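This report refers to the structure that appears directly beneath it.
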Amino acid sequence: MTYRTILVASVLASMMVPNAGWARHYKVDADHTSVTFRVRHLFSAVKGRFDKFEGEIEFDPAKPDASKVIGNIDVASINTNVAERDKHLRSKDFFDVANFPKITFQSTGVTDLDAAKKSGKMQAELTIHGVEKPVVLEVSFLGEIKDPWGNTKAGFTANTTINRKDFGLTWNQALETGGALVGDDVQIEIDAEGLAQ
């Protein structure tokens, strides 16, 4: 066997074996992912979720700072377990779903990496109600594993707090005793399971 033959064989073999240094592409598994939020109403916190969304993740454990994430949410799928409240949230007072049916997300970078905790800060552009704003999310990688059916899955978490007024969601109702009915800060939390493609 010539040196050239050995070299070609080695290159072909390396292409067939997954390389830990290569970014893996994941599609968000909506059946095992949650996109939730909470916002103050008077003294309590109202919790809700979005039931329809999709996303894609590029991640390499060896180069987490090169991670890329894109996603979008069907705003009409908002669910706070109260039908009348959800109807109001879909209206022009809030999300105006008829004119702004999607929330979109696109990452722009990752910083402040903590190798031990497998965490960092992800910068991104978030568009809600037709308004695009930069946001920063606390993100973490939970690991990768094969499920009982042979699929490669990975787990990720992300959370951030935004001011809804920054995105044009300004509706509120003043209280006789002062203050407002609905809080401005919205806490967002994502628990994502990615399916390797």
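The values are calculated or read from the model by the stated rules, or taken from the named source; none is laboratory data. Please read all numbers here as calculations on a predicted model, not as lab measurements. All Cβ positions, even for glycine, are placed from backbone atoms using ideal geometry, and neighbour counts span all protein chains on display.
The figures follow:
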| read-out | value |
| --- | --- |
| Set Ala124, Ala66, Ala62, Ala116: member being touching a strand residue (DSSP E or B) at 6+ places or on another chain (Cβ under 8 Å), within 22 Å of Leu142 (Cβ to Cβ), among the aliphatic types (A, V, I, L, M) and loosely packed, with under 13 Cβ neighbours inside 10 Å | Ala66 |
| Residues within the stretch 80-117 that are among the basic types (Lys, Arg) and under 16 Å from Phe50 (Cα atoms), tallied | 4 |
| Residue within the stretch 90-97 that is outside any strand (DSSP E or B), within 21 Å of Asp29 (Cβ to Cβ) and either touching a residue at least 24 places away in the same chain (Cβ under 8 Å) or touching a His at 6+ places or on another chain (Cβ under 9 Å) (or both) present | no |
| Every residue from the stretch 52-86 that is small (Gly, Ala, Ser), touching an Asp or Glu at 6+ places or on another chain (Cβ under 8 Å) and outside any strand (DSSP E or B) | Ala66, Ser67, Ser77 |
| Positions within the stretch 108-155 being outside any strand (DSSP E or B) and basic (Lys, Arg), in sequence order | Lys117, Lys118 |
| Yes/no for Ser44 being out of contact with any Asp or Glu (no Cβ under 9 Å at 6 or more places or on another chain), surrounded by fewer than 16 Cβ atoms within 10 Å (Cβ to Cβ), modelled with pLDDT under 95 and among the hydroxyl-bearing types (Ser, Thr, Tyr) | yes |
| The lone exception for Arg49 - which of (1) surrounded by 14 or more Cβ atoms within 10 Å (Cβ to Cβ); (2) part of a loop (DSSP other than H, G, I, E, B) it fails | (2) |
| Of all residues making up the stretch 9-40, the number that are loosely packed, with under 14 Cβ neighbours inside 10 Å and modelled with pLDDT under 90 | 14 |
| Conditions (1) of a type outside the set (S, T, N, Q); (2) at pLDDT 95 or above; (3) at negative phi; number of the one not met by Asp112 | (3) |
| Of the criteria (1) within 19 Å of Thr161 (Cβ to Cβ); (2) touching a Phe, Trp or Tyr at 6+ places or on another chain (Cβ under 6 Å), which one Phe95 fails | (2) |
